[in-house]
Every structure is written in C-alpha cells, then in structure tokens.
Amino acid sequence: MKVTPEQPIRSAGTSAQDTLAQGIHDPGQRGTVVDPLPSGKTGAAAEDVESVDNVDVFVNLKDGSRWSATVITIAQVEILMKRWAASGEALEGRYFWCSDGLIVRDAGIGNMTQVLTGLIENGEFTRILQRLDD
C-alpha cells in the first residue's frame, strides 16, 4: 500500500485493531476518523506504514469537531535536532517545537493509531490535539 499526502489512509473498518495500518473509523459513540498523512515520505519508505516516524493526522469526531496533530517519534526529533545543529536552525538544534506536536516512542501507523485511540478514549485528546476551525 502506498501512503502519500495525495492519498490519505481512510478506513471503513469497525475497530482500531482491524484497521491499524489504515487509520481508524470507530462507528461507536465518538465516531472518530483518523487520517494519517505521512510527512515527506515517498517511494519505498511511503509503502511501509510501520516505519512511519513523522505524520500529520486529522481526526473528525461524530459531534462535527475536527482536530489535527503532527505525530513524530523521539528518534525523528533527535535526527532533526542533529541536522539543525549542523545547519544552525532552531538555535543550532537546541530545541524542537511544533504547534500541534505529539511525540511518541515508537514508529508506525499501528502504534500511532493506538496512541491516538487511547487519547480519544481517555479524553486527553482535547488537551493535545489542535482543534481546527469549522
């Protein structure tokens, strides 16, 4: 499966476990949809959804609210900071910041989906994801 920004992953499955590699569609009470869009991934890297380490996601709730986040791994943050140390960006790589950032330990759409599902289930997503204007 090719995962590119032009082709968001959208699932029509009934549970997160059934659709980890394709995002989430939960027809239950929350009615969530998570569309991961890999950031800058092309070619072979775009085809391996379990190696994705930096992705923009959009979550649409049944109540009509829309949310977004940039999900990135600790390892990818470190790579960026080292690159910026050499280039001089971000005070020579001394900090990392993004407005809707969610840092996760492990790569992969499956892991990221599980984290997002957990945040939605426990209600923490409203403090972490960015609400989009309607």
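Values in this text are rule-based calculations from the coordinates and carry no lab data. This is a predicted model, so every value here is computed, not measured.
Odds and ends about this structure:
- Length gained when the stretch residue 126-residue 83 is fully extended (0.36 nm per residue, less Cα-Cα span): 12.3 nm
- 3J(HN,Hα) couplings calculated from phi for segment 97-111 with the Karplus curve 6.51 cos²θ - 1.76 cosθ + 1.60 (θ = phi - 60°) are, in sequence order, 8, 8, 5, 10, x, 10, 8, 10, 6, 10, 6, x, 4, x, 5 Hz; Gly and Pro show x.
- Cα-based equivalent ellipsoid of segment 57-134: semi-axis lengths in Å, sorted from largest, via gyration tensor: 28, 15, 9
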